[in-house]
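Participant: This structure is in structure tokens; I'll ask about it shortly.
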Amino acid sequence: MAKGIREIKRQIKSIQNTRQITKAMEMVASAKLRKAQEKAQASRPYVEKLREVVSSIAAGSEGISHPMMVSRPVKRTAYIVITSDGGLVGGYNANVLRKVMDELNSRHSSKSEYGLFVIGRKGREYFNRRDLPVVSEITELSDAPRFADIKSLAYAAVQGFEEEEYDEVYICYSKFINAITQVPTVDRLLPFDRVDQHGVSATYEYEPSPEGVLEVLLPKYAETLIFGALLEGKASELGAKMTAMGSATKNATTMIGELTLTYNRARQAAITQEITEIVAGANAQS
């Protein structure tokens, strides 16, 4: 019985140590989440204004054309997949990767029909284990990423479309709603869809020409969308980590309570047994 009591005490101590770690990780993720959420939300108005300008040029100029706005028969597709570098983020990575695999299985019959641009070690390892075509990868990003960190990958994906190596480019990420809810999303990045202008819209004058502005603006717009998706993904990752660590802390507290109750019962049983033995020995001597 004494051995069982000591084992229960060791279990309680071990879970208490784990709870301290998960609680600390939850607090760190919560602090980082606030900054990541602010960055993700701040990028949205900028992206919307860029979309408005691009749509205005496309809608207001007769006969205007740009390679990034031209749809062509789809022979090969590029997917930019955003995951995390580390674990302990609940279902964040699994949900994004499941969404990507559903897209690949439903749209393609051969690995030669697509290429993967992967951000995050978890995504890279997942695709490498399945021998899927990873064209480019970026890992070890900080919790406050900069555009310079992913510029090479974004440029490669956009250039691949311009050079007709890929006929479509999709971006796969987790859209941040709040700390509890993140939605796995697959958006078509290229070619750009022309957006119809409804209601009153601003009138712009472009120098040297609308075509010249589009030539510079569209690649930057595509790269901005990729970076915006990365910010959304980072906020989602931290939200998922905070939620997962909060659940782990609560589960550890519950387990400690149950083990403490078991320990008290075992200790009481041991004391009762000792008293019974003492009384029985005393009665035997009298």
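Participant: Roughly speaking, what is the stretch gain from Lys111 to Glu274, that is 0.36 nm per residue apart minus the C-alpha to C-alpha distance, in nm to one decimal? Display every interim value, and only then the final one.
Facilitator: Values: separation 163, 0.36 × 163 = 58.68 nm, distance 7.10 nm.
Taking 0.36 nm per residue and subtracting the Cα distance, the gain is 51.6 nm.
Participant: Sort Ser236, Ser110 by accessible area with a 1.4 Å probe, largest first. Please list the in-between numbers first.
Facilitator: Working: Ser236 0, Ser110 45 Å².
Result of the area sort, largest leading: Ser110, Ser236.
Participant: Among DSSP beta bridges lying fully in the chain, give the percent that are antiparallel, nearest 5.
Facilitator: 35
Participant: Any idea what the alpha-carbon Rg over 2.2 N^0.38 Å comes to for the chain?
Facilitator: Numbers: Rg = 28.4 Å, N = 286, 2.2 N^0.38 = 18.9 Å.
Normalised Rg, Cα atoms only: 1.50.
Participant: Explain nothing, just the number: dipole magnitude of the chain about its Cα centre with +1 on each Lys and Arg Cβ and -1 on each Asp and Glu Cβ, in debye rounded to the nearest 20. Mind showing how you got there, number by number?
Facilitator: Numbers: 37 positive and 35 negative charges, 413 e Å.
About 1980 debye.
Participant: Using a Förster radius of 41 Å, what is the FRET efficiency between Lys23 and Asp131 based on their Cβ-Cβ separation? Nearest 0.05, please. Working shown, then result.
Facilitator: Details: r = 40 Å, r/R0 = 0.97.
E(calc), rounded to 0.05, equals 0.55.
Participant: With a 1.4 Å probe and all protein chains kept in place, how much accessible area does Tyr263 have, in Å² rounded to the nearest 10?
Facilitator: Looks like 50 Å² after rounding.
Participant: Beyond 29 Å, what share of the Cα-Cα pairs of the range 43-191 remains, rounded to the nearest whole percent? Write out the running numbers ahead of the final one.
Facilitator: Numbers: 2234 of 11026 pairs.
Percentage above 29 Å: 20.
Participant: Keeping all protein chains in place and using 1.4 angstrom, which order do His66, His108 fall into by accessible surface area, from largest down?
Facilitator: These residues rank, largest area first, as His108, His66.
Participant: Let me ask you something else. Whole-Hz Karplus ³J(HN,Hα) for the range 40-47, in order, using 6.51 cos²θ - 1.76 cosθ + 1.60 and θ = phi - 60°, x for Gly and Pro?
Facilitator: 5, 6, 5, 6, 5, x, 5, 5
Participant: To check my understanding: the extent here is largest minus smallest coordinate of the Cα atoms along each principal axis. What are those three numbers for the range 43-126, in Å, largest first?
Facilitator: 50, 34, 17
Participant: Would you grab the residues whose amide H sits under 5 Å from the one on Ala78? Only those 5+ places off in sequence or on another chain, please, with H modelled 1.01 Å from N.
Facilitator: Long-range HN contacts for Ala78: Gly115, Asp167, Glu168, Val169, Tyr170.
Participant: Okay, moving on. Just the accessible area for Met68, please: 1.4 Å probe, Å², rounded to the nearest 10?
Facilitator: We get 0 Å² for Met68.
Participant: Per DSSP helix of 4 or more residues, -39500 (n - 2.57); summed, then divided by the residues of the chain. What does that give at 222 nm, rounded to the nearest 500?
Facilitator: Details: 5 runs with 176 residues, N = 286.
Result for the chain: -22500 deg cm²/dmol, rounded to the nearest 500.
Participant: Okay, moving on. Could you work out how far apart the two model spin labels at Ser71 and Ser152 are, taking each label as a point 7 Å from the Cα in the direction of the beta carbon, and quote it in nm?
Facilitator: 3.5
The values are calculated or read from the model by the stated rules, or taken from the named source; none is laboratory data. Computed from a predicted structure; not experimentally measured. Here Cβ is always computed from backbone atoms with ideal geometry, including for glycine, and neighbour counts include all displayed protein chains. Side chains are part of the model used for accessible areas, which takes the heavy atoms of the whole protein and leaves out ligands, DNA and RNA. Shrake-Rupley method; radii C 1.70, N 1.55, O 1.52, S 1.80 Å.
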